[in-house]
Each structure stands twice: as C-alpha cells, then as structure tokens.
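Report on the structure given below.
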Amino acid sequence: MTSVAPVILLAAEKESAEVTDWAARVGWVVGLGLFVALVYWLMREGWKWRGTLQSDLPDLPTAPDTPGRARLTMSGRYHGSTTAGQWLDRIVAHGLGTRSRVELTLTDAGLDVVRPGAADFFVPVAALREARLDKGIAGKVLTEGGLLVVTWAHGDKLIDSGFRSDHAAEHNEWVDTLNDMINNKTETEGAR
C-alpha cells in the first residue's frame, strides 16, 4: 500500500495543459492585420505622391490613324519607365509605372505600345533616342541583355522604357532596327 501512495501524489501534482488565451491571440492577429493595412496604405499614398510630383509630364501621344507598314512586331511584357540613365527612378504619371502585357509595333511613324489593361502610348520616330539591351529597370532585374530598353524624349524629359519579349532572341533585331531608324533620322535632319 505504501507503493501506491507516491503514485497518487505524483498524479495529484500534475497539472493540465494551459488553456489557449483566445482573446490575446485574436488581439495579435487584428493588430498584425492593421499594421499590414497601414503599410499598404502608406505605399499607395507614396505611389500617388510620386504621380503628383510628375504631373508636369505632358499627356502621352497616341498612334496616328495611318502609322504605315509594320517593320517589327513583338509580344511580351512592359516593365516600366524611368528617367533616362536612372534605372530606379520610376515614372508613374500617365500609367507609365504600371507593369503589363504589351504588343509593340515598329512602323516608319514610330513605336506603338499597346498595353491591355493599361494606357497605350505612341513614341514618334522623332522622339526616339536610343535602343539597347540591359539587365534591369525600375526594380526588375533580369539576366544580362534580357531587357530591351528604348530611350525617348517626351516633353523636356528623356525616358527609358523597358520591354521583355516572349522570345528574347528578338531583342537584338529590335535594337539594330531602332538604332538604324534613329541614325537615319539624324543623318536626314543633318543633311537639310
């Protein structure tokens, strides 16, 4: 009988597991949710403020009624536009900061940028300045040469716009054709 007494004492000393404090847990979840909502709201306000600061940028040109024969076409992604030479200074005015699918068409009149779900725009051939392959723009980094960057003038600002083709092998042809158009335009203007 004496051997049973220690077992009973041990059983009496054991306590049950703590009960979950649901009020504290719900409070933490609600607090975390409010914090995430606050951060999201601040990011959105920052985006709108950047757009306000860039409101001096003129409206984007639209494609002419008769742009001419298509020299090149490309399907892919539009990754954004930045101030030329500053790959992290994103331009958000007029929807230029919105990433989207893109259909590019290069004609004798210029570069037609058609973006489903975002604002389309047109870059006249006179505004084109340079085309090159690069690896990043506005927070999007790809492999070396994985991004087609077109530099163009809009108002008094030079803009870099980044595009990625569904078939990256097309990029070199686009760079060569765009730069030939730009050089021919410059030679034609210089001959006048």
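The values are calculated or read from the model by the stated rules, or taken from the named source; none is laboratory data. If you're wondering where the values come from, they're calculated on a predicted model, not measured in any experiment. Please note: Cβ atoms are built from the backbone with ideal geometry, for glycine as well, and neighbour counts cover all protein chains shown. We work out accessible area using only protein heavy atoms, side chains counted, and drop any ligands, DNA or RNA first. Shrake-Rupley method; radii C 1.70, N 1.55, O 1.52, S 1.80 Å.
Structure notes:
- Taking the criterion of being closer than 18 Å to Ser100 by Cβ and not β-branched (Val, Ile, Thr), the residues of the stretch 62-78 that qualify are Ala63, Met74, Ser75, Gly76, Arg77, Tyr78.
- Meets criteria (at pLDDT below 90 and within 20 Å of the chain's Cα centre (by Cα)) for Ile137: yes
- Annotation: of all residues in the stretch 48-100 being farther than 14 Å from Val149 by Cα, outside any loop (DSSP other than H, G, I, E, B) and in contact (Cβ under 8 Å) with a residue 40 or more places away in the chain, the one that is farthest from the chain's Cα centre (by Cα) is Arg71.
- Test: residue in the stretch 141-152 that is in contact (Cβ under 8 Å) with a residue 60 or more places away in the chain and more than 15 Å from the chain's Cα centre (by Cα): yes
- Of the residues examined, Val114 is not one that is surrounded by 14 or more Cβ atoms within 10 Å (Cβ to Cβ) and more than 19 Å from the chain's Cα centre (by Cα).
- Residues located in the stretch 137-150, provided they are open to solvent by less than 10 Å² (accessible area, probe 1.4 Å) and part of a strand (DSSP E or B): Ile137, Leu147, Leu148, Val149, Val150
- Residue pairs whose Cβ atoms lie under 7 Å apart, separated by 6 or more positions or on different chains, with the first residue in the stretch 18-45 and outside any helix (DSSP H, G or I) and the second open to solvent by less than 60 Å² (accessible area, probe 1.4 Å), do not occur.
- Any hit, the stretch 164-172, residues being in contact with a Lys or Arg (Cβ under 9 Å, 6 or more places away or on another chain), open to solvent by 30 Å² or more (accessible area, probe 1.4 Å) and of a type in the set (Lys, Arg): yes
- Checklist (1) among the acidic types (Asp, Glu); (2) modelled with pLDDT under 90; (3) closer than 17 Å to Leu88 by Cα applied to Asp160, failing item: (2)
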